[in-house]
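The structure appears below as structure tokens.
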Amino acid sequence: WAIWSRIPVGQSYTEVGFSRLIDLWHHFGDAALIRRELWGRGMIHRTQLGADYRRIEQQPPPELRPLLERIAGRATRAA
């Protein structure tokens, strides 16, 4: 959810572009694992050949909201 919450709404990415975006938010060097997990959980749309990745809008669980707000606050302060 933390990575999903940072994906810009309405943006379309190639597989390489999406991996680069994800790489900004993690440090273990496996963007493909995160892409697959986001897709498997229905959090992103991916075309069959991986040419287009987009965030799927949905409501995070209510108990997660304070964490996502805190993450958003850190991103704003860092910018």
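The values are calculated or read from the model by the stated rules, or taken from the named source; none is laboratory data. Given the structure is predicted, the values throughout are model-derived calculations rather than measurements. Backbone-built Cβ (ideal geometry, glycine too); neighbour counts: all protein chains shown. Each accessible area value is taken on the protein alone, full model and side chains, heavy atoms only, with ligands, DNA and RNA left out. Shrake-Rupley method; radii C 1.70, N 1.55, O 1.52, S 1.80 Å.
How large is the direction-averaged shadow of the alpha-carbon convex hull of the range 23-66, in nm²?
Averaged projected area of the range 23-66's Cα convex hull equals 4.1 nm².
Which three extents, in whole angstrom, do the alpha-carbon atoms of the chain cover along their principal axes, largest first?
Per principal axis, max minus min of the Cα coordinates gives 36, 24, 23 Å.
Going toward the positive end of the dipole of the chain, with +1 on Lys and Arg Cβ and -1 on Asp and Glu Cβ, which of Ile34, Gly50, Leu68 do you reach last?
Leu68
Explain nothing, just the number: dipole magnitude of the chain about its Cα centre with +1 on each Lys and Arg Cβ and -1 on each Asp and Glu Cβ, in debye rounded to the nearest 20.
160 debye
Using only helices, what value at 222 nm comes out for the chain when you add -39,500 (n - 2.57) per DSSP H run of length 4 or more and divide by the total residues, to the nearest 500 deg cm²/dmol?
Helix contribution divided over all residues of the chain: -14000 deg cm²/dmol.
Order Trp39, Trp25 by their accessible area, 1.4 angstrom probe, all chains in place, largest first.
Result, largest first: Trp39, Trp25.
Rounded to the nearest percent, how much of the accessible area of the range 1-69 (1.4 Å probe, protein heavy atoms only) is carbon and sulfur?
56 percent
Can you tell me what the convex hull of the Cα atoms of the range 1-40 projects to on average, as an area in nm²?
Values: hull surface 11.0 nm².
For the Cα atoms of the range 1-40, the hull's average projected area reads 2.7 nm².
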